[in-house]
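To start, the structure under review is shown below, and the notes come after it.
The values are calculated or read from the model by the stated rules, or taken from the named source; none is laboratory data. Because the structure is predicted, anything quoted here is derived from the model rather than measured. Using ideal geometry, Cβ is built from the backbone for each residue, glycine included, and neighbour counts are taken over all protein chains shown. Surface accessibility is based on the protein's heavy atoms, side chains included, excluding ligands, DNA and RNA. Shrake-Rupley method; radii C 1.70, N 1.55, O 1.52, S 1.80 Å.
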Amino acid sequence: MGKRSFNVSGWILLLGMVVLWIRFGYTDWQLLLLPATYLCFSIGNGKVKKLKSLSVSQIIILVSSFIISVAIAFGLIQLANYLIYDVFHLQGILKTLSEWLAVILSLFPAVIVFSSVINKIDDSLKEKYNDSHTKTSECDGLKMEVNKMLKSMTEMQTFKALRKRYGLSLVDAKNIVDSVK
């Protein structure tokens, strides 16, 4: 799936959640839609570069944070319901406004927990990508240098120069020269 389809999926989930909330009122299962929506937008915006590059531990952390964020939101909403109905005994428009405000405010901690985990995974993926990209560019630079050496030296002189300059073994120097040829 492309980035655009993840963004569209995120908007569909978000709008679906709002429509269901307006039509049927708040239900607990709608809490699953918010972290799923955030995940779709994160993938669509490129925060999570490639799902295939996630390790098993990162997937477990992602699923666990999803469950924890839903549990946090559910717990806060249950606390708000207890306060609205049993402690303050609110009625009418004040009760409705309090319910809406409680649901909206209880979703913030859940989103913060889930987004912090996604950002942590994104940072580790960026670091992994940058490390591999740096190694590739270093290798490309070395190959360009060997190519220049081969134009002015024999193979044996190039082996010796590589071994001396980079502390390589004869086999490694030969492999690098062979890869350039």
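Once the C-beta distance of Ser169 and Ser116 is scaled by a Förster radius of 41 Å, the resulting FRET efficiency is 0.35 to the nearest 0.05. The Cα trace of segment 24-104 gives Rg and Dmax of 16.8, 51 Å, the first to one decimal, the second as a whole number. By the helix-only formula, in which each DSSP H run with n ≥ 4 contributes -39500 (n - 2.57) and the sum is divided by residues, the chain has a 222 nm mean residue ellipticity of -28000 deg cm²/dmol. Stokes-Einstein diffusion for the chain at 20 °C, viscosity 1.002 mPa s, with a Kirkwood radius from C-alpha pairs, works out to 103 µm²/s. A crude spin-label estimate for the pair Ile61 and Val87, with each label 7 Å from Cα along the Cβ direction, gives 3.5 nm. Normalised by the number of residues in the chain, the mean separation of alpha-carbon contacts (under 8 Å, six or more apart) gives a relative contact order of 20 percent. Rounded to the nearest 20, the size of the Cβ-charge dipole of the chain about its Cα centre is 1060 debye, with Lys and Arg at +1 and Asp and Glu at -1. Ranking Trp21, Trp29 by solvent-accessible area of protein heavy atoms (1.4 Å probe, all protein chains present), from largest to smallest, gives Trp29, Trp21. Relative to the longest principal axis of the Cα atoms of the chain, helix 33-44 runs at roughly 30 degrees. Over the chain, accessible surface divided per residue gives 66 Å², non-protein components excluded, 1.4 Å probe. Taking only protein heavy atoms and a 1.4 Å probe, the accessible area of the chain is 67% carbon and sulfur.
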